[in-house]
Amino acid sequence: MYPDFTFSFLFFYTQFFKFIIMKTRILFAVVLFTTVFSLQSMAQRSEEIKVWGNCGMCKKTIEAAALKAGASKASWNEETKMLAVTYKAKKTGLQQIQESVAASGYDTQDVTAPDEVYNKLHGCCQYDRKVVATQAKADCCKDGNCEKDKSCCKEGKCEKDKSCCKS
Ligand SMILES: [Cu+2]
């Protein structure tokens, strides 16, 4: 009776420990995996930027510009005109990416491409440009009572001396 008991006790005991160790290992692995995974996804940001453009050639240029600015992934959708980017916040930012895209000739939601670069784009790529705040321009002189003559408005603002508003 006695040896039997010892044996079964020891057996139970070692099995129990094996079980605990196994559980601990699994738990450790799970914690490690989730930590690494969440840290990685925290460091990587994914966002969408509106970028004006036309065709597959535009797509290549837009995506290349985004990657050049430091994005790790860039995909522009011809239909929706949305550029999906993934990037590390330490490495680059939305502004930086948009500036690079605009410098390659494509208007983005916050940055407008220089006219001379746009004019050099291939004919099929000369998309209908982003309309820049026409409403703001029309209302620029409202408080100065010169809505009738918009010629005084430069880039959405009344000229400094408001000469146009004095008539
Ligand atoms: Cu194009």
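None of the figures in this text is laboratory data; all of them are computed from the coordinates on show. Quantities reported herein were computed from a predicted structural model and do not represent experimental measurements. All Cβ positions, glycine included, derive from the backbone under ideal geometry; neighbour counts span all protein chains shown.
Below is a table of values for the structure above.
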read-out	value
Pairs beyond 31 Å (Cα-Cα), from K90/K120; K60/K90; K18/K88; K81/K120; K23/K88; K23/K90	K90/K120; K18/K88; K23/K88; K23/K90
Summed residue charge, Cβ within 14 Å of Y87's Cβ, Lys/Arg positive, Asp/Glu negative	+2
Overall Cα dimensions of the stretch 43-125 - principal axes, largest extent first, Å	39, 24, 18
Net charge of neighbours whose Cβ lies under 10 Å from the Cβ of Q98, counting Lys and Arg as +1 and Asp and Glu as -1	-2
The stretch 43-125, relative contact order in percent, only Cα pairs under 8 angstrom and at least six apart counted	33
